[in-house]
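Working notes, structure below.
The values are calculated or read from the model by the stated rules, or taken from the named source; none is laboratory data. These numbers come from a predicted model, not from an experiment. Positions of Cβ are generated from backbone atoms using ideal geometry, with glycine treated the same way; all protein chains shown enter the neighbour counts. Note: accessible area is taken over every heavy atom of the protein model, side chains too, but ligands, DNA and RNA are not part of it. Shrake-Rupley method; radii C 1.70, N 1.55, O 1.52, S 1.80 Å.
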Amino acid sequence: MLFGLPFVCYALIASCNPKGCSLDPRSWHSPLDFVPTSKGGGSTFLVSFAAMVAWFAAQAALHLLLPGPLIEGVLLPTGKKLKYKLTGFKNLLVTLAVALTLGLRENPSTKEPWLALCYDYYVPLLTASLAFSTLLSVALYAASFRGGGNGGRGKEGKKAKTTKKAQLLASHGTTGCAVYDFFMGRELNPRFSFSTFDWKEFCELYPGLIGWVVLDLGCAAKQWSVNSKMGSGGGSFGLFSSLLLSFSPKASPSTSTPLVPNLFSSSGNLSASLLLVCLFHAAYVADALWHERAILTTMDITTDGFGFMLVFGDLTWVPFTYSLQARYLVDYPNQLSKFAIAFILMLNIGAYAVFRGSNSQKDAFRRDPSDPSVRHLKTLQTRTGRKLLVSGWWGVARHINYCGDWLLGWSWCLPCGFGHAVPYFYVAYFAGLLLHRDRRDGKSCAAKYGADWEKYCRIVRWRIVPFVY
Ligand code: NDP
């Protein structure tokens, strides 16, 4: 996993790039072929690394400076609750405002919007992100040995003398096998003692997710500049107005000018397929950041240590594999019919309704079972004192939220058409992730609720997809 996951990131570039797109490794191209050479190979990586550090620092600075509510997390084994400052949605808005103003200005050396550099430097940026993730994981691993551990919960904690400020260790990341612990993460909530800045919560939602949206925008800027004549009124206003006009009912093929995208053609400034992918991804990220407090009760925050698995997943895997469809559409523009656009839009909206409806319903129920939005739902009383929903979304399937999430993934992949299989990597990978997560959660609920969970499974028969699985 330590080497396999980074390999997949590069394999996706080797298998699908401007020179070809294929599942057959014999026809792949070296990712090095797509490293810009104009400024010298070595310095390209250094500049990209500097950009990555600046990006991380900028997101952290915004997070620290912007106002946001201080919300308590779950009760920790120490009997305390940590406070988290939540500014994710504001970070996104500020970043988008900067990207859509400064980032769309013309870069004098390339005659393209600055943002298009995200596409041009995709491989060095991926490498920089991988290097950054590895360094951060090493630093977190080393830092986890400071203090005395968690006072008897991890193996180390048993031996260590516990101090008042001793850090809490994750049980999965304290096996004593250094490589395994490095991968899983030793410390549960790495923080500076003087600040509410939480490394794990920050990395889970800020630089990676917002970086994904910016990479997408970079791909859109690249396609726009390739398809447009920058000299004829391009620049920042040109692309910005193009984006706005995409939604205008007047933007029809018959009225289009070089600055107005033709939504139904792959030869417009910005194709409908790429526009849909960018909007869908941005909406997904905006949704996650709008509901930021929901992450405080997820396994990632409450149970998993912050090691290479999460650091790499958050900072490298998510932005650089989830933006695959946008990168693909720059290299292989796909023309969508009006019918296809309507179908994909409906799929996205329907999938979002399932995804958001189910997640919000459980969230509301867990926060306050007497909330007017959930108090009419049927429940199963368990011996732990907690109730399980057996009607509403959670009566349809035990993980109906995964079903909605997976269908959302389909709406991101379908704009790529059926010319190549590689852009469908996301739905294949995500199906595996969700199946594994469903099993893992099922086991933990069975351990938590015992016979009551079996009863619940008999009432709600389907795991993820009603009448199928
Ligand atoms: P879930 O939202 O599925 O929560 C599972 C927990 O909900 C269980 O452990 C249980 O905890 C509670 N629960 C289960 N059944 C019921 C019920 N009938 N009534 C009330 N509570 C119930 O957890 P995840 O973190 O796996 O998923 C959250 C969302 O994040 C999903 O939509 C998922 O698709 C998405 N996700 C996206 C990823 C991505 O990369 N895009 C990666 C991972 C997740 P308890 O009873 O203790 O409250």
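Summing +1 for each Lys or Arg and -1 for each Asp or Glu among the other residues whose beta-carbon sits under 15 angstrom from that of C416 gives -1.
Surface listing: E454, E292 arranged by accessible area from highest to lowest gives E454, E292, probe 1.4 Å. Summary value for region 1-70: 15 percent relative contact order, contacts being C-alpha pairs under 8 angstrom separated by 6+ residues. With n ≥ 4 as the cut-off for DSSP H runs, can you work out [θ] at 222 nm for the chain, using -39500 (n - 2.57) per run divided by the number of residues, rounded to the nearest 500? Counting only the DSSP helices, I get -17000 deg cm²/dmol. Residues of region 194-222 with the amide nitrogen closer than 13 Å to a label point 7 Å from the Cα of L64, along Cα-to-Cβ, please. Under 13 Å, as judged by backbone N against the label point of L64, lie 194-199 of region 194-222.
Let a ≥ b ≥ c be the square roots of the eigenvalues of the Cα gyration tensor of region 376-450; is it rounded (a/c under 1.5), or, if not, prolate (a/b larger than b/c) or oblate? It is oblate, given that a/c is not under 1.5 and a/b is not larger than b/c. Dipole of the chain computed with +1 at Lys/Arg Cβ and -1 at Asp/Glu Cβ about the Cα centre; of V8, S391, V53, farthest Cα towards the positive end is S391. Screening the chain for whole DSSP H helices of 27 Å or more along their axis (Cα) with average Kyte-Doolittle hydropathy at least -0.5 returns 41-65, 122-143, 207-227, 338-367, 425-449.
For the listed residue pairs K83/K387; K90/K338; K387/K448; K19/K338, the alpha carbons are over 24 angstrom apart in K83/K387; K90/K338; K19/K338.
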